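The values are calculated or read from the model by the stated rules, or taken from the named source; none is laboratory data. Remember, it's a predicted structure, so these values are computed and weren't measured experimentally. Don't worry about glycine lacking a Cβ; one is built from the backbone with ideal geometry, like all the others, and counts go over all protein chains shown. Side chains are part of the model used for accessible areas, which takes the heavy atoms of the whole protein and leaves out ligands, DNA and RNA. Shrake-Rupley method; radii C 1.70, N 1.55, O 1.52, S 1.80 Å.
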Amino acid sequence: TYQVLYGAVRTGDWSALASRLEFYVRALPVFRLHSRQRFGHDGSVAPYETNPWGTWLHWGGKVDYYTEERSPYLRYSWQGNLWMLVLFCDYAALSDDRKLIDEGLQAYATEVLIFFREHYPQRRNGRIDFTPSEAGETFSGVTDSAELIVALKCLLPRLLDLGKSRGWSNIALAQWQQ
């Protein structure tokens, strides 16, 4: 649901982004658990169906409704995490909230990028093969979704510049650059 935040950004209402970033940072343990239980690897990604009570994996263990795992249109829809990070970079450029940016944003970005690196380890001609992925909640199981590629191309240079300018961990920056 990152799309609704663009309106807030355009009107200068940064409080909505700060609140969302705080929520994502506080929910990182839940997102890590979700990634570990559902996918069996490290990293963290906010599932499409996320709310203050966790994710569908943690609602009593009984799935009796249409979940992201069952939905062919939501099953691989994680690019919203990348677009949220782009918005958080916008927030970081204009905010003086050092703790939230230097601790929260760095931690969330690191976890999300670990998720993508772990989830798509295949290499083809030196490039990551994003299979399966999602194309705009319309086409499921595609290879190299344009939305996913564009989100990464938009995010990574901005995140690297932000991290360098704020003196973030060289280890994280080196991993992001790969």
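Report whether or not residue 158 is more than 19 Å from the chain's Cα centre (by Cα) and farther than 17 Å from residue 28 by Cβ. Step through it out loud before you land on a result.
On the way: more than 19 Å from the chain's Cα centre (by Cα): no; farther than 17 Å from residue 28 by Cβ: yes.
No, not satisfied.
Here the range 159-177 is the region considered, the condition is being touching a residue at least 60 places away in the same chain (Cβ under 8 Å) and not in a helix (DSSP H, G or I), and the residue that is least open to solvent (accessible area, probe 1.4 Å) is 168.
So, of the residues in the range 115-140 that are without any contact (Cβ under 8 Å) to a residue 40 or more places away in the chain and of a type in the set (Phe, Trp, Tyr), which turns out to be farthest from residue 38 (Cα to Cα)? Spell out the reasoning first.
Keep residues of the range 115-140 that are without any contact (Cβ under 8 Å) to a residue 40 or more places away in the chain, which gives 120-131, 135-136, 139.
Filter again for of a type in the set (Phe, Trp, Tyr), leaving 120, 130, 139.
On the way: 120: 15, 130: 18, 139: 21 Å.
Among those that are without any contact (Cβ under 8 Å) to a residue 40 or more places away in the chain and of a type in the set (Phe, Trp, Tyr), it is 139.
Of all residues in the range 28-38, exactly one satisfies the criterion of being farther than 16 Å from residue 113 by Cα and free of Cβ contacts under 8 Å to residues at least 24 places away in the same chain, namely 37. Assess whether residue 147 counts as being touching a His at 6+ places or on another chain (Cβ under 6 Å) and open to solvent by 30 Å² or more (accessible area, probe 1.4 Å). No, not satisfied. Counting only residues that are out of contact with any Gly (no Cβ under 7 Å at 6 or more places or on another chain) and open to solvent by less than 50 Å² (accessible area, probe 1.4 Å), the range 129-139 holds 7 of them. Counting only helices (runs of 4 or more DSSP H) that sit wholly inside the range 1-89, those with at least 2 residues that are at pLDDT 80 or above, open to solvent by 40 Å² or more (accessible area, probe 1.4 Å) and touching a helix residue (DSSP H, G or I) at 6+ places or on another chain (Cβ under 8 Å) are 15-26, 28-39.
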